[in-house]
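Undergrad: The structure that follows is given in the form of structure tokens.
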Amino acid sequence: MGWKYKIGFYLLIVVCCLLERVSSQIAGTNVSKVGTSAATFLEIPVGARAIAMGGAFVGTANDVTSLYWNPAGAARLPQREVTFTHSDWIADLNFDYAAFGLPLGDFGTLGLSFTSLSMEDMKVRTVEQPEGTGEMFSAGSFAVGVHYARNLSDKFSIGFTAKYVSETIWHMQAQAFALDVGALFTTQFFNGLRVGATISNFGTNMKLVGRDTRNFFRIDQTKLGTNDRIPYNIEMDGWPLPLNFQFGIATEVIQSDSHTLTVAVDALHPSDNYESLNTGFEYTFQNFLSLRGGYRSLFLIDGEGGFSFGGGLTASLFGGTVNARIDYAYTDYGRLKRVNVLAVSIFF
């Protein structure tokens, strides 16, 4: 094993140990903690390609959606890439993701991403007016990320993400700042087996603030003329972000000029649920047609994981100077809903 392999391998072990230690200290192992974190939209997977593979993408992470799955993978982008993903999410919500990766040679790769979860406006209802007050309210969440990734050697890459997270409902807003850290190492075994690790959403707590927690009360309800406009504020608790440690491996079991078959497995250790596994595969024919399948949330207690599948088509535009890819994914969330995802990527 050469010195570059050794350095990359040891660095990956150190990063994995540090990330696992931080994750274990915060997450705990005896309870699932479902429903105890804020901004859970950050856990919604992005990219029809990765989703079709069951979310087993940390060890592959070779397109611009690596900014979400493993920011270290962005260091290996061969050219500029932009992607747009849309899905009709559970409970009539709209989920959208956009990302841009800019390779800058030896300096590394810069990236930008935007994530949004939105809904239609709803009626404001009260006990006295259950059919509506005539007002409307909305709720939504978004995150903006700035990314940097770099190859420390020809086999080892690291990446970082700094992001701003916001959630709103009517006149209330919660904000947070978070950091993602990832590492990706290519071994010399099994056709270049890749090992990836990432920790996501390590950041500040979120607390709702705004005028909807402000109200008034009367000093003495039994006496006339007492002041009935004494203001008070309801103190809101802060809630942590959904911290997640994810470790993945991937390799090409078949690789030729016309056929490529990639298999991948990811292990997840989230702060707000039990551990689980994601598995998936991708078959590509002549870099034109791709077929994918996978299964997410294996072994998750009371989970809503299930099968996923999809495909993609790649075409050259403008004499080959620009390539475009359209990807589709279908995934089953059990009792909740079946979700369809469509993504468009442009390489230039």
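Every number here is computed from the coordinates shown, using simple stated rules; none is lab data. In this text, all values refer to a predicted model and were calculated from it rather than measured experimentally. Neighbour counts run over all protein chains shown; Cβ positions are idealised from the backbone, glycine included.
Undergrad: Are there any strands (runs of 3 or more DSSP E) wholly within region 112-220 with 1 or more residues that are of a type in the set (Phe, Trp, Tyr) and out of contact with any helix residue (DSSP H, G or I) (no Cβ under 8 Å at 6 or more places or on another chain), and if so which? Quick ask: steps written out before the conclusion?
TA: Details: elements: 139-151, 156-169, 172-186, 194-203, 214-217.
Because the criterion is at least 1 residues that are of a type in the set (Phe, Trp, Tyr) and out of contact with any helix residue (DSSP H, G or I) (no Cβ under 8 Å at 6 or more places or on another chain), the strands (runs of 3 or more DSSP E) in region 112-220 that meet it are 139-151, 156-169, 172-186, 214-217.
Undergrad: Tell me which residues, restricted to region 299-313, are crowded, with 20+ Cβ neighbours inside 10 Å and within 17 Å of Val34 (Cα to Cα).
TA: Gly305 - this is the single residue of region 299-313 that is crowded, with 20+ Cβ neighbours inside 10 Å and within 17 Å of Val34 (Cα to Cα).
Undergrad: Related question: Could you please let me know if Val263 is crowded, with 19+ Cβ neighbours inside 10 Å and out of contact with any helix residue (DSSP H, G or I) (no Cβ under 8 Å at 6 or more places or on another chain)?
TA: Numbers: crowded, with 19+ Cβ neighbours inside 10 Å: yes; out of contact with any helix residue (DSSP H, G or I) (no Cβ under 8 Å at 6 or more places or on another chain): yes.
Against the criterion (crowded, with 19+ Cβ neighbours inside 10 Å and out of contact with any helix residue (DSSP H, G or I) (no Cβ under 8 Å at 6 or more places or on another chain)), Val263 qualifies.
Undergrad: Within region 314-336, which residues are among the charged types (D, E, K, R) and surrounded by 15 or more Cβ atoms within 10 Å (Cβ to Cβ)? Even if it seems obvious, please write down each step before you answer.
TA: Restricting attention to region 314-336, the residues satisfying the condition of being among the charged types (D, E, K, R) are 325, 327, 332, 335.
The answer is Arg325, Asp327, Asp332.
Undergrad: What's the number of the only condition in (1) more than 29 Å from Gln79 (Cα to Cα); (2) in contact (Cβ under 8 Å) with a residue 12 or more places away in the chain that Leu313 fails to meet?
TA: Checking Leu313 against (1) more than 29 Å from Gln79 (Cα to Cα); (2) in contact (Cβ under 8 Å) with a residue 12 or more places away in the chain, the one that fails is (1).
Undergrad: Please determine, by comparing only the residues of region 103-158 that are over 25 Å from the mean Cα position of the chain (by Cα) and polar (S, T, N, Q), which one is surrounded by the most Cβ atoms within 10 Å (Cβ to Cβ).
TA: Ser153
Undergrad: Scanning region 203-246 for residues that are in contact with a His (Cβ under 8 Å, 6 or more places away or on another chain) and not polar (S, T, N, Q), which turns out nearest to Tyr68 (Cα to Cα)? Walk me through how you get there before you give the answer.
TA: First, the residues of region 203-246 that are in contact with a His (Cβ under 8 Å, 6 or more places away or on another chain): 210-212, 244-246.
Among the residues that remain, those that are also not polar (S, T, N, Q) are: 210-212, 245.
Details: Gly210: 30, Arg211: 34, Asp212: 33, Phe245: 13 Å.
Step by step, filter region 203-246, then rank; the result is Phe245.
Undergrad: Being over 24 Å from Ile249 (Cβ atoms), surrounded by 19 or more Cβ atoms within 10 Å (Cβ to Cβ) and more than 19 Å from the chain's Cα centre (by Cα) is the requirement here; does Phe288 meet it?
TA: Details: over 24 Å from Ile249 (Cβ atoms): yes; surrounded by 19 or more Cβ atoms within 10 Å (Cβ to Cβ): no; more than 19 Å from the chain's Cα centre (by Cα): yes.
In short, no.
Undergrad: Does Val322 satisfy the condition of being within 23 Å of Ser87 (Cα to Cα) and among the aliphatic types (A, V, I, L, M)?
TA: Numbers: within 23 Å of Ser87 (Cα to Cα): no; among the aliphatic types (A, V, I, L, M): yes.
Against the criterion (within 23 Å of Ser87 (Cα to Cα) and among the aliphatic types (A, V, I, L, M)), Val322 does not qualify.
Undergrad: Still on this structure, please answer the following. Please pick out the residue among Tyr283, Tyr295 that is part of a strand (DSSP E or B), of a type outside the set (Gly, Ala, Ser) and surrounded by fewer than 17 Cβ atoms within 10 Å (Cβ to Cβ). Full working, then the answer.
TA: Working: Tyr295 fails: surrounded by fewer than 17 Cβ atoms within 10 Å (Cβ to Cβ).
The unique qualifying residue is Tyr283.
Undergrad: Sticking with this one: Suppose the filter is without any contact (Cβ under 8 Å) to a residue 60 or more places away in the chain, aliphatic (A, V, I, L, M) and out of contact with any Pro (no Cβ under 9 Å at 6 or more places or on another chain); does Leu117 pass it? So that I can check it myself, show each step before the final result.
TA: Working: without any contact (Cβ under 8 Å) to a residue 60 or more places away in the chain: no; aliphatic (A, V, I, L, M): yes; out of contact with any Pro (no Cβ under 9 Å at 6 or more places or on another chain): yes.
Judged against the criteria, Leu117 is not a match.
Undergrad: Considering (1) of a type in the set (A, V, I, L, M, F, W, C); (2) over 20 Å from Asn323 (Cβ atoms); (3) without any contact (Cβ under 8 Å) to a residue 40 or more places away in the chain, say which one Phe281 fails and leave the rest.
TA: Evaluating Phe281 over (1) of a type in the set (A, V, I, L, M, F, W, C); (2) over 20 Å from Asn323 (Cβ atoms); (3) without any contact (Cβ under 8 Å) to a residue 40 or more places away in the chain leaves (3) as the failure.
Undergrad: Being out of contact with any strand residue (DSSP E or B) (no Cβ under 7 Å at 6 or more places or on another chain) and either closer than 30 Å to Val34 by Cβ or in contact (Cβ under 8 Å) with a residue 60 or more places away in the chain (or both) is the filter here, so list the residues in region 205-235 that pass it.
TA: Scanning region 205-235 gives Ile234, Glu235.
Undergrad: Checking Asn62 against (1) surrounded by 15 or more Cβ atoms within 10 Å (Cβ to Cβ); (2) among the polar types (S, T, N, Q); (3) under 25 Å from Leu336 (Cβ atoms): exactly one of these is not met. Which one?
TA: Only one criterion is unmet by Asn62, namely (3).
Undergrad: Output yes when any residue across region 134-145 is closer than 30 Å to Thr213 by Cβ and out of contact with any strand residue (DSSP E or B) (no Cβ under 8 Å at 6 or more places or on another chain), and no when none is.
TA: Here is the first cut: in region 134-145, the ones closer than 30 Å to Thr213 by Cβ are 134-145.
With out of contact with any strand residue (DSSP E or B) (no Cβ under 8 Å at 6 or more places or on another chain) added as a condition, the list becomes 134.
Yes, there is a match, as at least one residue in region 134-145 is closer than 30 Å to Thr213 by Cβ and out of contact with any strand residue (DSSP E or B) (no Cβ under 8 Å at 6 or more places or on another chain).
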